[in-house]
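Working notes for the structure below.
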Amino acid sequence: MNVTMLLDMAADGFGDRIVVGSRDGGLTASRLRALASGAARRVRESGAEAVVYLAVNGPAFPVAMFAAACAGVPLVPVNYRLGDEQLDRLLANHPKAFGIAEEGQHAALLRAGLSVRTPKDFLYDAGQATDHGEEDTSAGPDATAVLIYTSGTTSQPKGVVLRHHNLVSYVLGTVEFASAGEDEAALMSVPPYHIAAVSNVLTNLYAGRRCLTLHSFTPREWLELVRKEGVTNAMVVPTMLARIMDAPDLDRSVPTLRALAYGGAKMPPRVIERALRQWPNVDFVNAYGLTETSSTIAILGPDDHRAAITADDPQVRARLASAGRPVPAIELEIRDEDGRVLPPGQSGRIWVRGEQVSGEYAGHGSSVDERGFFDTRDQGHLDADGYLFVEGRVDDTIIRGAENIAPAEIEDVLLRHPDVADAAVVGVPDEEWGQRVEAVVVPVSGADLDPEELRGYVRERLRGSKTPDRIACWPELPRTATGKVIKRDIVAGLYPAPR
């Protein structure tokens, strides 16, 4: 139950088929195994206890994933958009790591005392290494395969532990071996530190489907790559699909595209409805999952999409906004605050159980309950036919595109400004991004705050996606008697309901 089993099956079953990269010059399954074996040898020789990957997506990523598994250490894909302070704290958790990073990120690894090589050098070195018959050091099913950091509901990243049996169980439960035709190609447009990147490498390899990556998304480049490489399957976040549909003067023809999966945030109805009309022959799939669940736990399939868009029944039509039904290996419950399982139609917390579910955090252990269920911290309900409707986070996390943003992190920066006495950050609905970030601040008495200057202050300290789109100045924040900010009142104050 090590993920290397999936690679071995692919290399033995269709070794000459290109499974990574372009049609011309991509890696075959056999070559991928050889490079992973060579890279694993370098990892073992270094004495590393983890492989840190701080780079964009590309052929080096699957090689690094399988090399780490062959060497018996976890892969740690790191968000290359983090600031220096955040990177330093995160890398301090891995003092004996084998580092792979783009040239612009070498300084962070060197500050952490790690050796570092570029993805290009890593692949070259892997190709030069030969297997001298070393003892197999691949890890057992309970060893950590991947450690993905996610900010979750706090400003400090948490390391989600995904063990080999979690990932292999997900693949075996959702994909049929060698089920893809030789002409099939999948386009992945998410960064390597996202769970979808990990799951797409494994599932497409197991299916025998060539996997491509797009480093920097634009609607034009995405469409041109789909046509150039004969892409048959693709995965996007809702923001990407909205931009593809809305961008002017584009050739949106996708003659080879057969299936398009989306997820990571709420899809605006107008976007999916337009996409279904634009590409009537494409099978759309809404995939709902979390890092802690090894990716997808529920899907709204192609037939559901077509039925919803043409239905006269409002209940069936409403399912276009649902996450579909749980995948076969997943059990799902909706519970109230006291842990009681709720019937269809009633809203509560979404809990899930299954072999693919980890629910474990580095340094904190497992967070599953005594029955093996994991609290997703998402709010939702089931309809009478078992379709899951996700209503949003139980906590205050803002989901912008496919990115989880912790308000506390932005509030901390705002409160560092000498003219800010108090601050609160909220997410408000947005057609393109799902949610956008807005803030309310209370100026220090006598201060004359410029909201645009304050936005620049945040942007200098955090990346652009965490900079509030709007900052309002209020005389005070609404709070409970115990001092807790009432964020629903802030949202209502920013966007009062019409009378």
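Residues in segment 345-358 that are closer than 11 Å to R163 by Cβ and crowded, with 23+ Cβ neighbours inside 10 Å: Q356, V357, S358.
Only residues that are assigned to a helix (DSSP H, G or I) and surrounded by 15 or more Cβ atoms within 10 Å (Cβ to Cβ) were counted in segment 204-226, giving 9.
Annotation: L87 fulfils all but one of (1) under 24 Å from H215 (Cβ atoms); (2) at pLDDT 95 or above; the unmet one is (2). Among the conditions (1) in contact with a strand residue (DSSP E or B) (Cβ under 8 Å, 6 or more places away or on another chain); (2) modelled with pLDDT under 95; (3) crowded, with 19+ Cβ neighbours inside 10 Å, R23 misses just one, which is (3).
All conditions in (1) touching a strand residue (DSSP E or B) at 6+ places or on another chain (Cβ under 8 Å); (2) buried (at least 18 other Cβ atoms within 10 Å of the Cβ) hold for V271, with the sole exception of (1).
Just to be sure before I move on: is E292 touching a strand residue (DSSP E or B) at 6+ places or on another chain (Cβ under 6 Å) and surrounded by fewer than 16 Cβ atoms within 10 Å (Cβ to Cβ) in the structure I sent? No, not satisfied.
Which pairs turn up if I take residues in segment 56-75 that are over 16 Å from D121 (Cα atoms) and look for partners that are of a type outside the set (A, V, I, L, M) and part of a loop (DSSP other than H, G, I, E, B) with beta carbon separation below 7 Å, at least 6 apart in sequence or on another chain? Short answer, once both residue conditions are applied: A68/P74; A69/N2; A69/S138; C70/S138; A71/T137; G72/T137; G72/S138; V73/E49. Evaluated against (1) out of contact with any strand residue (DSSP E or B) (no Cβ under 9 Å at 6 or more places or on another chain); (2) more than 21 Å from N166 (Cβ to Cβ); (3) polar (S, T, N, Q), T28 falls short on exactly one condition, (1). Please determine whether any residue of segment 277-286 is under 25 Å from I195 (Cα atoms), outside any strand (DSSP E or B) and modelled with pLDDT under 95. No. Screening D395 on (1) touching a helix residue (DSSP H, G or I) at 6+ places or on another chain (Cβ under 9 Å); (2) under 23 Å from T150 (Cβ atoms) shows it passes everything except condition (1).
Within segment 393-409, the set of residues being part of a strand (DSSP E or B) and in contact with an Asp or Glu (Cβ under 7 Å, 6 or more places away or on another chain) comprises R393 only. Does F373 satisfy being closer than 27 Å to A197 by Cβ and outside the structural domain of E176 (by TED's automatic domain parsing)? Yes, satisfied. The residues in segment 245-273 that are basic (K, R) and at pLDDT below 80 can be counted, and the count is 2. Screening V73 on (1) under 29 Å from S179 (Cβ atoms); (2) buried (at least 24 other Cβ atoms within 10 Å of the Cβ) shows it passes everything except condition (1).
For the list (1) touching a Leu at 6+ places or on another chain (Cβ under 8 Å); (2) surrounded by fewer than 21 Cβ atoms within 10 Å (Cβ to Cβ), I need the number of the one condition that S189 fails. Condition not satisfied by S189: (2).
Among the residues of segment 469-482, none qualifies, meaning not one is surrounded by 15 or more Cβ atoms within 10 Å (Cβ to Cβ), closer than 30 Å to I195 by Cα and among the charged types (D, E, K, R). Of all residue pairs spaced 6 or more apart or on separate chains, those with beta-carbon atoms under 7 Å, a first member in segment 199-218 that is modelled with pLDDT under 95 and a second member that is among the β-branched types (V, I, T) are H215/V56.
The values are calculated or read from the model by the stated rules, or taken from the named source; none is laboratory data. If you're wondering where the values come from, they're calculated on a predicted model, not measured in any experiment. Positions of Cβ are generated from backbone atoms using ideal geometry, with glycine treated the same way; all protein chains shown enter the neighbour counts.
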